[in-house]
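The values are calculated or read from the model by the stated rules, or taken from the named source; none is laboratory data. Since we're looking at a predicted model, the values are computed, not measured. Cβ placement follows ideal geometry from the backbone for every residue including glycine, while neighbour counts extend to all protein chains displayed. Only protein heavy atoms, including side chains, enter the accessible area calculation; ligands, DNA and RNA are left aside. Shrake-Rupley method; radii C 1.70, N 1.55, O 1.52, S 1.80 Å.
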Amino acid sequence: MKKYLVIGNPISHSLSPKLHNYWIKKNNIEASYDKKELNETGIEEIIFEIKNDKIDGINVTLPFKKSVIPFLDQLTPLAEEAQSVNTIFKK
């Protein structure tokens, strides 16, 4: 089963899991989408989980859109230009 997250701080208000899990279920996709509140020290560990196939993708919200960048192997041209990341996945 695929595992996806939205990360941020605060994150308790996020409706992303409700929205994404609705479409996951409706389309019979074997996946889950949750939210995880982090602090700055948790960013490297969560990126490590993607690199080691424990998480399949992450949506990034405030305040981590810039602070995830040093832990990523590559940015899209738009993310590079904006110095802001919204989605992280492993190719």
Karplus-derived 3J(HN,Hα), 6.51/-1.76/1.60, for each residue of segment 65-74, Hz, glycine and proline x: 4, 9, 6, 7, 3, x, 9, 9, 7, 7
Long-range HN-HN contacts of Val6 with modeled amide H, under 5 Å: Asp34, Lys35, Lys36, Asn59
Extension reserve of the Lys90-Lys65 stretch, reckoned as 0.36 nm per residue once the Cα distance is removed: 7.3 nm
The chain - charge dipole about Cα centre, Lys and Arg +1 at Cβ, Asp and Glu -1, debye rounded to 20: 420 debye
Options Leu78, Ile88, His20, ranked by Cα towards positive dipole end of the chain, top entry (Cβ charges): His20
Accessible area in square angstrom per residue, the chain, 1.4 angstrom probe: 70 Å²
For segment 37-90 versus segment 1-35, the gap between their alpha-carbon centres in whole angstrom: 16 Å
